[in-house]
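Participant: Please find one structure pasted underneath; my questions will follow.
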Amino acid sequence: MNRKDSEDLVRVGPGTTMGKLMRQYWLPAAMSSELKADGAPMRLMLLGEKLIAFRDSHGRVGVMDHKCPHRCASLFLGRNEAGGLRCVYHGWKFDAAGNCVDMPSVPPERDFKHLVKAKAYKTAERNGLVWVYMGERAEAPPLPQIEATLLPESEVSIQFVQRECNWLQALEGDIDTSHFGFLHAGSISPDDVAEDSLFRFTVTNRAPDYHVTDTDAGTMYAAYRPADAERTYWRFANFMMPFWTQTPQGKFTEHLHNRAWVPIDDNHTMFISLMWRRHPASIGPDRHGRQMPGFSRVFEYQPNTTDWYGRWRLTRNQSNDWLIDREAQARGGNYTGIDGIHAQDQAITESMGPVTDHLSEHLGPSDMMIMRTRRRLLQAARAFAKNGSVPPGVDDPEIMYPVRSGDFLTAAGLQWRDAYAAQMHASVRPLEKQAAD
Ligand code: FES
Ligand SMILES: [Fe+2]
């Protein structure tokens, strides 16, 4: 990585290389439940742009520049009333598409509202998520066909968590399997783990080998290690353009989940987890039936505020050292002394600083997936910036659908692509089952 590679990867504002790439895709931006019809407008920062989101009286969602096109007062203060958002400075009113529909501060014969438009982005809503398209096409591309986003709202659990660092270093935690045996499970010995749990192999051999490849939608790795003389333990995970991941932590055939790392700006990221509700628990209890130390999966949130960075923050953060418990760290059991798998990931990636210093890294064989993913992103972003090559999944969203991750055992000696193909074939597909019923 040189300075230019690093800058091109991490900067997401308007006009940047990665910012242009990200604006080609629909972005998941909020939960539908965050916006009530005629409710208070919400500050929403996306890709470094300060936007206002609101739901009008008809239920339509509007997302527009927070600056009123008249004299730049913030529409956050606006009145959300009768089918539009009215600026409280001079009363100009805008509909969800940004059209100025009322200009009461001007005599009727001088009214020029038909000439004024707020900078509004196209929005869509599906299965509990609000999506925003920030690209320049007059006709937005189709919505993504990422499997968990296609599940009915009742079938999927949706969680948002803000992370105070650049999107890429946050995302890279999901495609870096070797950290699991340290950050999360460094003090857990195989003897602590239930006999029938695949998780045992992660803590028996903490240094797996890897296969890494480009895929239609992004990149994929298989981490593998011998389970015993006859069997191999596999962990597959995916990156999908431009910020989606699937982790290996779950039974492959039922591990229906997708995770997005949506940049708020260069230094803040919204993590969005979509998990099929019938997904089995990814790591069970220890051999005595107790939760393993530090493995809490419950998020403890601060109350949301109306600030640009006020949504979905955890109580553990940099200002309180993520509530690290040095005694728990020393006693064993919880390697970090920080409780909660997500909190551990949050602490470690935020500890790198707002944007990690790529030039100080020393990447090794266990970082092959990270290197490959950075390269894939840079190639796609530069190809788009240079000659407008449409990046993967924008016009062909169906390539995002048949992608799965997870862990499993096979007979030793099986080729990795054959192992993946067999698991894909055996995977549960609730949407296809519903369609067939
Ligand atoms: S600044 Fe908004 S109506 Fe004047
Ligand atoms: Fe992790």
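Participant: Going through the stretch 301-322 one residue at a time, which ones are away from ligand 2 (no atom under 16 Å from the Cβ), farther than 16 Å from Asn267 by Cβ and not in a loop (DSSP other than H, G, I, E, B)?
Facilitator: Tyr301, Asn320, Asp321
Participant: Which condition breaks for Glu136 when tested against (1) closer than 16 Å to Val63 by Cβ; (2) without any contact (Cβ under 8 Å) to a residue 40 or more places away in the chain?
Facilitator: (2)
Participant: Would you check if Val132 is within 9 Å of ligand 1 (Cβ to nearest atom) and β-branched (Val, Ile, Thr)?
Facilitator: In short, no.
Participant: Okay, next question. Checking Asp5 against (1) touching a His at 6+ places or on another chain (Cβ under 9 Å); (2) charged (D, E, K, R); (3) over 28 Å from Arg259 (Cα atoms): exactly one of these is not met. Which one?
Facilitator: Result: Asp5 passes all but (3).
Participant: Collect the residues in the stretch 354-377 that are of a type in the set (A, V, I, L, M) and either at pLDDT below 95 or buried (at least 19 other Cβ atoms within 10 Å of the Cβ) (or both), keeping them in residue-number order. Talk me through it step by step, then tell me what you get.
Facilitator: From the stretch 354-377, those of a type in the set (A, V, I, L, M) are 355, 359, 363, 368-371, 377; that's our starting set.
Residues satisfying the conditions are Met369, Ile370, Leu377.
Participant: For the stretch 323-341, which residues satisfy the criterion of being acidic (Asp, Glu), surrounded by fewer than 20 Cβ atoms within 10 Å (Cβ to Cβ) and part of a loop (DSSP other than H, G, I, E, B)? Lay out the reasoning, then the answer.
Facilitator: Keep residues of the stretch 323-341 that are acidic (Asp, Glu), which gives 325, 327, 339.
Imposing the further condition that a residue be surrounded by fewer than 20 Cβ atoms within 10 Å (Cβ to Cβ) reduces the set to 325, 327.
Asp325 - this is the single residue of the stretch 323-341 that is acidic (Asp, Glu), surrounded by fewer than 20 Cβ atoms within 10 Å (Cβ to Cβ) and part of a loop (DSSP other than H, G, I, E, B).
Participant: Among the numbered criteria (1) touching a helix residue (DSSP H, G or I) at 6+ places or on another chain (Cβ under 9 Å); (2) within 19 Å of Arg137 (Cα to Cα), which single criterion is violated by Val63?
Facilitator: For Val63, the exception is condition (1).
Participant: Need the failing condition index for Asp65 against (1) surrounded by fewer than 16 Cβ atoms within 10 Å (Cβ to Cβ); (2) over 20 Å from the mean Cα position of the chain (by Cα); (3) touching a residue at least 40 places away in the same chain (Cβ under 8 Å), just the number.
Facilitator: Result: Asp65 fails condition (1) only.
Participant: Does Asp196 satisfy the criteria of being modelled with pLDDT under 95 and acidic (Asp, Glu)? Please lay out each step first, then the result.
Facilitator: Working: modelled with pLDDT under 95: yes; acidic (Asp, Glu): yes.
Yes; evaluated as a whole, the condition is true for this residue.
Participant: Same structure, new question: Within the stretch 82-90, does at least one residue satisfy the condition of being more than 15 Å from ligand 1 (Cβ to nearest atom) and without any contact (Cβ under 8 Å) to a residue 24 or more places away in the chain?
Facilitator: Initial filter on the stretch 82-90 (more than 15 Å from ligand 1 (Cβ to nearest atom)): 82-83.
Imposing the further condition that a residue be without any contact (Cβ under 8 Å) to a residue 24 or more places away in the chain reduces the set to none.
Checking the stretch 82-90: not a single residue is more than 15 Å from ligand 1 (Cβ to nearest atom) and without any contact (Cβ under 8 Å) to a residue 24 or more places away in the chain.
Residue by residue, here is whether (1) free of Cβ contacts under 8 Å to residues at least 12 places away in the same chain; (2) within 14 Å of ligand 2 (Cβ to nearest atom); (3) surrounded by 22 or more Cβ atoms within 10 Å (Cβ to Cβ) holds:
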{"residue": "Glu153", "(1), (2), (3)": "no, no, no"}
{"residue": "Arg163", "(1), (2), (3)": "no, yes, yes"}
{"residue": "Gln169", "(1), (2), (3)": "no, yes, yes"}
{"residue": "Ile175", "(1), (2), (3)": "no, yes, yes"}
{"residue": "Phe182", "(1), (2), (3)": "no, yes, no"}
{"residue": "Ala207", "(1), (2), (3)": "no, no, no"}
{"residue": "Trp244", "(1), (2), (3)": "no, no, yes"}
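Participant: To continue, here is another question. May I ask you to verify whether Thr202 is in a helix (DSSP H, G or I) and either within 16 Å of ligand 1 (Cβ to nearest atom) or among the β-branched types (Val, Ile, Thr) (or both)? Walk me through it before giving the result.
Facilitator: Working: in a helix (DSSP H, G or I): yes; either within 16 Å of ligand 1 (Cβ to nearest atom) or among the β-branched types (Val, Ile, Thr) (or both): yes.
In short, yes.
Participant: Further, regarding this structure: Of all residues in the stretch 18-58, count the ones that are within 25 Å of Pro144 (Cβ to Cβ) and among the small types (Gly, Ala, Ser).
Facilitator: Qualifying residue count, the stretch 18-58: 7.
Participant: To continue, here is another question. I need the full set of residues from the stretch 400-437 which are within 21 Å of the chain's Cα centre (by Cα), surrounded by fewer than 19 Cβ atoms within 10 Å (Cβ to Cβ) and part of a helix (DSSP H, G or I), in order please.
Facilitator: None - no residue of the stretch 400-437 is within 21 Å of the chain's Cα centre (by Cα), surrounded by fewer than 19 Cβ atoms within 10 Å (Cβ to Cβ) and part of a helix (DSSP H, G or I), so the list stays empty.
Participant: While we're here: Scan the stretch 207-221 residue by residue and report those that are small (Gly, Ala, Ser) and under 19 Å from the mean Cα position of the chain (by Cα). Reasoning before the result, please.
Facilitator: Step one: list which residues in the stretch 207-221 are small (Gly, Ala, Ser), which gives 207, 217-218.
Across the stretch 207-221, the qualifying residues are Ala217, Gly218.
Participant: How many residues are touching a residue at least 60 places away in the same chain (Cβ under 8 Å), under 18 Å from the mean Cα position of the chain (by Cα) and surrounded by fewer than 16 Cβ atoms within 10 Å (Cβ to Cβ) if we restrict to the stretch 278-300? Let's see the steps before the verdict.
Facilitator: Pass one, the stretch 278-300, residues touching a residue at least 60 places away in the same chain (Cβ under 8 Å): 278, 283-287, 292-295, 299.
Filter once more, so that each one left must be under 18 Å from the mean Cα position of the chain (by Cα): 299.
From what is left, the residues that are surrounded by fewer than 16 Cβ atoms within 10 Å (Cβ to Cβ) are none.
Selection size over the stretch 278-300: 0.
Participant: Only residues that are within 25 Å of Thr17 (Cβ to Cβ), in contact with a Ser or Thr (Cβ under 9 Å, 6 or more places away or on another chain) and hydrophobic (A, V, I, L, M, F, W, C): list them for the stretch 48-69, please.
Facilitator: Listed by number, the list holds a single entry, Val63.
Participant: Could you pull out the residue among Lys113, Lys93 that is farther than 26 Å from Met18 by Cα, more than 35 Å from the chain's Cα centre (by Cα) and not polar (S, T, N, Q)?
Facilitator: After applying the criteria, what remains is Lys113.
Participant: Which residue is farthest from ligand 1 (Cβ to nearest atom), if the candidates are limited to the stretch 154-182 and must be assigned to a helix (DSSP H, G or I) and of a type in the set (Val, Ile, Thr)?
Facilitator: If we filter the stretch 154-182 for residues that are assigned to a helix (DSSP H, G or I), which is where we start, we get 154-155, 167-175, 177-181.
Narrowing further to those that are of a type in the set (Val, Ile, Thr): 175, 177.
Values: Ile175: 45, Thr177: 51 Å.
If we take residues in the stretch 154-182 being assigned to a helix (DSSP H, G or I) and of a type in the set (Val, Ile, Thr), then Thr177 is farthest from ligand 1 (Cβ to nearest atom).
Participant: Separate question: Taking the stretch 31-48 on its own, how many of its residues are under 15 Å from Asn80 (Cβ atoms) and part of a strand (DSSP E or B)? Don't jump to the end; show me each part of the working.
Facilitator: Initial filter on the stretch 31-48 (under 15 Å from Asn80 (Cβ atoms)): 34-44.
From what is left, the residues that are part of a strand (DSSP E or B) are 37, 42-44.
Within the stretch 31-48, residues that are under 15 Å from Asn80 (Cβ atoms) and part of a strand (DSSP E or B) number 4.
The values are calculated or read from the model by the stated rules, or taken from the named source; none is laboratory data. What you see is a predicted model, and the numbers here were worked out from it, not measured in a lab. Neighbour counts run over all protein chains shown; Cβ positions are idealised from the backbone, glycine included.
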